[in-house]
Amino acid sequence: MPVSIALIRKLEEIEPRLRGVLFAILEEIERQREETVTKKEFNELKEIVRELAEAQKRTEQRVEELAQAQKRTEQRVEELAQAQKRTEQRVEELAQAQKRTEQELQKLIKEHAKTREQVGGLSSTVGYILENEAMKALPTLLAQEFGLKIEGKFVRKFVKDKKGRPIEVNIIGEAIKNGKKIVIIGEAKAQLSKNKVLEFLRKRMKPLQEVFGEIFPILITHMITQPDVEEYAHKHGIKRVYYSYEF
């Protein structure tokens, strides 16, 4: 603690021994003051150090937490990468399976086409055989039932429509009734359905009426697909449905 000049002068007026005691007292006061300040500062420094230590501890804990989180993130990323890899493998397997399925489907389509072609050929063969038998029996049957006198023979040939387009006619022949000429057209179906009746009307009967005028349409079959097919055919202008067992 600094001593003022006025105090020093006062001390000089005191006898030396007492003045020494007073100086000793002043020095002790200064020493104690210095020690007190140093201890306070030390305690403050100690508190600061403690706080820094706590902050460091919290920082280290946070760093550890972040490290653990980073580790979990890396594990999750690895899991996702493995899942993605499995997904890509599965997609590739499905793509290969799809490719094999498409190849097998193409084979089946080709085989089905061949089968349909064979069935169609067989159906045509059956139809031709049925028509051939019908051509032999029809002159007698038509004469007995409808009084038609057949001129010439029934044939299978192409006839051009009004626009000059060829139409395949499976059974065609001419007949006379009451002095009037009639053109007979027919077709044979192994199994006769309503759709087959409509197909015959659309592709044969209608365009040939424009060529010949009055025609006498007939159909030949082994069997009808529904009980009312024959009635349906009559309602749409078919004169007669013949069954193979009638020949």
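The values are calculated or read from the model by the stated rules, or taken from the named source; none is laboratory data. Quick caveat: nothing in here was measured; it's all calculated off a predicted structure. So basically every Cβ, Gly included, is an ideal-geometry build from the backbone, and we count neighbours across all protein chains shown. Accessible surface is based on the protein model in full, side chains and every heavy atom, while ligands, DNA and RNA are left aside. Shrake-Rupley method; radii C 1.70, N 1.55, O 1.52, S 1.80 Å.
Some points to look at:
- Surrounding net charge for T73, when Lys and Arg each add one and Asp and Glu each subtract one, Cβ distance under 14 Å: -1
- 3J(HN,Hα) along region 61-66: 5, 5, 4, 5, 4, 5 Hz, from the Karplus curve 6.51 cos²θ - 1.76 cosθ + 1.60 with θ = phi - 60°, whole Hz, x for Gly and Pro.
- Here the calculated FRET efficiency for K180 and Q226, from their Cβ-Cβ distance with R0 = 25 Å, stands at 0.10, rounded to the nearest 0.05.
- Length released on extending from Q82 to K57, taking residue separation times 0.36 nm less the Cα-Cα span: 5.3 nm
- Neighbour net charge for I176 - beta-carbon separation under 12 angstrom, K R +1, D E -1: +2
- Label-point separation in nm, Y245 to R165, each point 7 Å along Cα→Cβ: 3.9
- Residues of region 124-165: accessible area per residue with a 1.4 Å probe, Å²: 68
- Full-extension gain in nm, E104 to L141, via 0.36 nm per residue minus C-alpha separation: 8.1 nm
- The order of the peptides 180-188, 59-67, 238-246 by mean Cβ neighbours within 10 Å, most packed first, is 180-188, 238-246, 59-67.
- Close amide H contacts of F216 (hydrogens built in the peptide plane, cut-off under 5 Å, sequence separation of 5 or more or a different chain): V183, I184, I185.
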